[in-house]
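Here's the structure, in structure tokens; my notes come after.
What follows is calculated from the coordinates using simple rules that are stated; it is not laboratory data. Because the structure is a prediction, the values reported are computed rather than measured. No Cβ is skipped: glycine too gets one built from the backbone with ideal geometry, and neighbour counts run over all protein chains shown.
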Amino acid sequence: MLVVLAFLAAPLLTLAYASPQAAPTLTINPVADAYVNSASAGTNYGTLTSLRVDGSPVVDSFLRFSVSGLTGSSISQARLELHANSASTKGITVKAVANNTWGEKTIKYSNMPAMGAALATSAAVPSGAWVSLNVTSYISGNGTYSFGVITPGSTAISLASRESGANAPRLIITPASPTSTTAPTSTSTPAPTSTSTPTTTSSPTVTPTISVPTDTPTDTPTNTATLEPPPTDTPAPSATATVAAQSGSIQHVFIIVMENKAYSQVWNTSSTPYITRLGSAYSIATNFFAITHPSLPNYLDLFGGSNYGITTDCSPSASCHIDAPNLADNLDAKGLTWKGYMESMPSPCTLVASGNYAPKHNPLIYFDDIRTDTARCNTHVVPFTALSGDLGSAATTPNYALIVPDQCSDMHDCSISTGDTWLANHVPTILNSPACTSDKCLLVVTWDEDNNGSGNHVLAIFAGSGAATGGASSSASYTLFSLLRTVEDIFGLPAQTTNDRAAAPMNDLLH
């Protein structure tokens, strides 16, 4: 009898220890790939046997995959693998691209979709080897997925395209083991007595690993007036905080641009009590520089990543305009909102000077896809008076706001103290709005250029619930391109040119 019981128990123990059958790995080649080149913005490179990436000029690659064959299993791992035809000491970065409508034979630098958050970055690229990038966080199941590939280096990297054959890019997906392949129930085997079923040798449950998104804010916004810094017993932010954490917590960025004053003219002077108080409560960049002279090229650098050859204060016209992607395009592609608020502008999207309103201080209207799109321009480039209504709730406040005082309020034509008073009258309204209390915000006050006497050394103040506090200062060398790069990193946007791509973000002034 004992022998019979042992015989009956043996099959049950064998089944209990059997491992679930592993789901097959899927290897998928792209349905489209191409690269774009900023030096030939109107040229398509979609049918070549190679892809390319470069930092100068900007050359980016795009790939699109159609994922099918996943039958309910969760994803254990997804890897984008690219074959390098040439080497570089710099790595490559793969980014998510939300827009899947681009065409392999029609995509160009002038119409390329915006890239989103970085998914993975490789080490140095060896020639003749496969580069594997973990993109598990991006693949959620069957569907269409686009990727952008870039490099920060100035050495061009050649990668095999789908037209190359055996070395074509590939997306390798490993599903997690299906939960349906657990150990069979006891009904399939004659049940032994209770003493013959070991309780300590049951088959372990196979639980798929689920990645929790890291972009959920962990900070609770402060619901108090934001001119004063948090209490001194508030824990300091971790020095290892990443850009991803910042981009997940700062929802609104306000940029206020003042005019033609050097750092020494506006910091800690008798004419600037509010500016000095604001910087002392939050943080300042002490080694921050504008790019050039006169005004307009600096505004274009701040919004477009380049002045695109415009070196004067010309008004928008057939000979003074830009046909290129800009910050607004990248914000739109990301599903984010934006507006320009121009003081003394008589009506939305005014293209000519009027009173103290100067088009040369309004970079948005120089970009063709804003200026020539009447509906887009009228709803996004508005008089400053519209700001107070938009600040009524966090939902109606844009994610990005460019605020330009008129030529008196910005210190261009009127005194420094006039500009200081203007800031004192308007900055607290922004800092105490729901965008900065219910949500988290960054407000930057800076100057477009100096007075031509200080090497373009200007002041930048970071304020708001997303800024460092207590009079923190940074002596790192920054420029207007650094400020643009900071905005792009906060919102997970791609760089627009080599200028902002190469600039260091001003993360040491963020909270």
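A few notes on this one:
- Counting Lys and Arg as +1 and Asp and Glu as -1 over every other residue whose Cβ lies under 13 Å from the Cβ of Glu104, the net charge comes to +2.
- Shape parameters for segment 395-511, alpha-carbon atoms, Rg then Dmax in Å: 15.0, 43
- For segment 243-509, the Rg and Dmax computed from alpha carbons only, in angstrom: 16.7, 48
- Projected onto its three principal axes, the C-alpha set of segment 298-405 covers 40, 34, 23 Å, listed from the longest axis down.
- Extension gain, Ser264-Ala424: 0.36 nm per intervening residue step, less the Cα-Cα distance, totals 55.7 nm.
- Within segment 363-387: backbone nitrogen closer than 19 Å to the Thr106 label point (7 Å, Cα to C-beta): 369
- Summarising the label geometry, the points placed 7 Å from Cα in the beta-carbon direction at Cys314 and His457 lie 3.4 nm from one another.
- Extension gain from Asn99 to Leu26, taking 0.36 nm per residue of separation minus the Cα-Cα distance: 23.9 nm
- Cut-off 20 Å (backbone N to label point 7 Å along Cα→Cβ of Ser66), residues of segment 84-123: 97-107
- Kirkwood hydrodynamic radius computed over segment 26-175 comes to 15.1 Å, based on all pairs of distinct alpha carbons.
- Beta bridges per DSSP with both ends in segment 243-509, % antiparallel, nearest 5: 30
- Ranked by the mean number of other Cβ atoms within 10 Å of their residues, highest first, the peptides 307-320, 398-411, 449-462 come out as 398-411, 449-462, 307-320.
- Contact order relative to length of segment 243-509, as percent, for alpha carbon pairs under 8 angstrom and 6 or more apart: 37
- Under 5 Å between amide hydrogens, built in the peptide plane, is the criterion, and for Val131 it picks out Leu82, His83, Ala84 among residues at least 5 positions away or on other chains.
- 24 Å Cα-Cα threshold exceeded, pairs from Lys108/Lys360; Lys261/Lys334; Lys261/Lys440; Lys108/Lys440; Lys334/Lys440: Lys108/Lys360; Lys261/Lys334; Lys261/Lys440; Lys108/Lys440
- Scaling the Cα radius of gyration of segment 459-511 by the globular reference 2.2 N^0.38 Å produces a ratio of 1.12.
- Stokes-Einstein D for segment 49-116, Kirkwood Rh over Cα pairs, 25 °C, 0.890 mPa s (µm²/s): 167
- Note that segment 254-307, at 37 °C in a medium of 0.692 mPa s, gets a Stokes-Einstein diffusion coefficient of 259 µm²/s from its Kirkwood radius over C-alpha pairs.
- Estimated FRET transfer efficiency when R0 is 25 angstrom, pair Ile172-Thr89 (beta carbons, to 0.05): 0.45
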